[in-house]
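Please treat every number below as a calculation from the coordinates, not as lab data. Given the structure is predicted, the values throughout are model-derived calculations rather than measurements. Heads up, the Cβs are rebuilt from the backbone with ideal geometry, glycines too, and the neighbour counts pull from every protein chain shown.
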Amino acid sequence: MTRILAFAGSLRKDSWNKKLLQEALRLAPESIQFTLLDLKDHPLPLYDADFEAEHGMPENAIELRRLMTEHQGLLIASPEYNGGMTGVLKNTLDWMSRKHGDQRGLDPFMHKPAAVVSASPGPYGGARSVQSAVLLLNRLGCLVLPDGVSVTHCETAFDAEGHLQGKDQKSLQRVVQALGGVALKMGQKAEG
Ligand SMILES: Cc1cc2nc3c(=O)[nH]c(=O)nc-3n(C[C@H](O)[C@H](O)[C@H](O)COP(=O)(O)O)c2cc1C
């Protein structure tokens, strides 16, 4: 089993990007075990170095780092706000990148396969947000796959069951298959 951690950069209950991750889970091969997080269940204060110096790392950030360490890959659905990733996603990754205990800040991310997908009501599907998230994940040390999907006009792209159709479905399936495959190979290499 390859374990993949997945979360969306949206707190919204009816988030399209959360739906996209649900669909990714449905389309994934059985060899992948997903842990799907809702960042609303892991609230974090806005990163503030003074807060960190006084209180240390918040429990939720420690928990997210632990989960990241325990998984072999990362799948992020990145909504687009004003041409980039959301503040929620950036803030979460900023907290997760901080040094904690004996671990260096970037240890949980280093050489971990990752993929970024997006959905938006707009004509570009959040593709610019994907670009910004890819840059950040590369900076954190992840190996970001070239495969991705940005679902355009998402209000009409999902059917009543929340399933994608045609090209979008195929692209998303390719992303999860590629991510699972790379994570598995890298895990085997690390063990061998
Ligand atoms: C502050 C703000 C800025 C936005 N900017 C963009 C944008 O640049 N491009 C885009 O495609 N959608 C933009 N949107 C629309 C979002 O894509 C839309 O709200 C989407 O549903 C957010 O993702 P979610 O459904 O996963 O929460 C923006 C929305 C907000 C609230």
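Numbers for the structure displayed
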| quantity | calculated |
| --- | --- |
| Count of Lys pairs (Cα-Cα under 25 Å; at least 8 positions apart or interchain) in segment 1-152 | 14 |
| Counting DSSP beta bridges with both ends in the chain, the antiparallel % (nearest 5) | 15 |
| Reachable aspartates and glutamates from Lys170, criterion Cα separation under 19 angstrom, eight or more residues apart if same chain | Glu23, Glu30, Asp147, Glu155, Asp159, Glu161 |
| Extreme residue, positive dipole direction of the chain, given options Ser118, Val182, Leu136 (C-beta unit charges) | Val182 |
| Environment charge of Glu63, counting only residues whose C-beta is closer than 12 Å and scoring Lys/Arg +1, Asp/Glu -1 | -1 |
| Descending Cα extents along the principal axes, segment 1-147, whole Å | 43, 37, 26 |
| Mean Cα-pair separation over length for segment 2-191, i.e. relative contact order, pairs under 8 Å, 6 or more apart, % | 25 |
| Over segment 1-64: Kirkwood hydrodynamic radius from C-alpha pairwise inverse distances, Å | 13.6 |
| Rg over Rh, two decimals, segment 140-192 (C-alpha only, Kirkwood Rh) | 1.13 |
| Axial C-alpha extent at least 15 Å, average Kyte-Doolittle at least 0.0 - helices from the chain (DSSP) | 127-140 |
| Total charge dipole magnitude, the chain, about the Cα centre, Cβ charges on Lys, Arg, Asp, Glu only, Debye to nearest 20 | 560 |
| Packing rank of 67-74, 34-41, 154-161, 167-174, where each peptide gets the mean count of other beta carbons within 10 Å, highest leading | 67-74, 167-174, 34-41, 154-161 |
